[in-house]
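A short worksheet on the structure shown next.
The values are calculated or read from the model by the stated rules, or taken from the named source; none is laboratory data. This structure is a prediction, so every number in the text was calculated from the model and none was measured. Backbone-built Cβ (ideal geometry, glycine too); neighbour counts: all protein chains shown. Note: accessible area is taken over every heavy atom of the protein model, side chains too, but ligands, DNA and RNA are not part of it. Shrake-Rupley method; radii C 1.70, N 1.55, O 1.52, S 1.80 Å.
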Amino acid sequence: MPPPRDRPPFVADERTQLVGWLDMQRAIVHYKCAGLSEVDAHRIVLPTSPLMTVAGLISHLRWTEHGWFEVLFLGGSYADNPQYLEEPEDADMRVEAGASLAKLLDEYDRQCQRSNEIVAAHPLDEVGRHPRFRSAQATLRWMLIHMVEETARHAGHLDAIRELLDGETGYY
């Protein structure tokens, strides 16, 4: 069952609104994947961007959540995150053969849940901890705003890709 696409309350504290907008964008990602066949989830529709498939974007979003909240903010290991590989470029969008859309969405959901746990446990003014990356100097608030932007941008990509795949349209 996909998460509900609910906007945050009009009047709420900052954390509730930031996480609420991010959760809504995450839910839109699910909405764009609903009813899509496995073949279409991996189908290339942009010849100049062969990794920008539905499956590739879901993988990218999962690893982006991990990178910002677990690596940069908490200072955790990045050894398993393909975004930190020098080669191949866009490794986080490369999906292993046979990886189903359901599996990719499940991994994304678990990562989003972990991200929300991290956000709930720390002040918004706290800065990241990873000593190797300049981006870790950002506050948790900045990272949350960035993740709203990142997720919304890719939800837009998914919207266009979905229309090219099977004509399905709709946002909310």
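Residues considered: ALA91, ALA121. Of these, the only one that is open to solvent by 50 Å² or more (accessible area, probe 1.4 Å) and hydrophobic (A, V, I, L, M, F, W, C) is ALA121. The conditions of being open to solvent by less than 20 Å² (accessible area, probe 1.4 Å) and either touching a helix residue (DSSP H, G or I) at 6+ places or on another chain (Cβ under 6 Å) or among the aliphatic types (A, V, I, L, M) (or both) are met by ALA99. Condition check for ALA41 on (1) open to solvent by 40 Å² or more (accessible area, probe 1.4 Å); (2) not in a loop (DSSP other than H, G, I, E, B): one failure, at (1). The sole residue among ALA55, ALA97 that is modelled with pLDDT of 95 or more and either closer than 22 Å to SER37 by Cα or not acidic (Asp, Glu) (or both) is ALA55. Criterion first (assigned to a helix (DSSP H, G or I), free of Cβ contacts under 8 Å to residues at least 60 places away in the same chain and not hydroxyl-bearing (Ser, Thr, Tyr)) does ILE28 satisfy it? For ILE28, the condition - assigned to a helix (DSSP H, G or I), free of Cβ contacts under 8 Å to residues at least 60 places away in the same chain and not hydroxyl-bearing (Ser, Thr, Tyr) - is not met. Checked against the criterion of being of a type in the set (Ser, Thr, Tyr) and farther than 30 Å from LEU165 by Cα, the range 82-103 contains one or more residues that satisfy it. Does GLY67 meet the test of being under 24 Å from THR139 (Cα atoms), of a type in the set (Gly, Ala, Ser) and open to solvent by 20 Å² or more (accessible area, probe 1.4 Å)? Against the criterion (under 24 Å from THR139 (Cα atoms), of a type in the set (Gly, Ala, Ser) and open to solvent by 20 Å² or more (accessible area, probe 1.4 Å)), GLY67 does not qualify. The residues in the range 134-169 that are open to solvent by 10 Å² or more (accessible area, probe 1.4 Å), in a helix (DSSP H, G or I) and hydroxyl-bearing (Ser, Thr, Tyr) can be counted, and the count is 1. Every residue in the range 52-106 that is in a loop (DSSP other than H, G, I, E, B) and closer than 28 Å to ALA121 by Cβ, please. Within the range 52-106, LEU74, GLY75, GLY76, SER77, TYR78, ALA79, ASP80, ASN81 meet the criteria.
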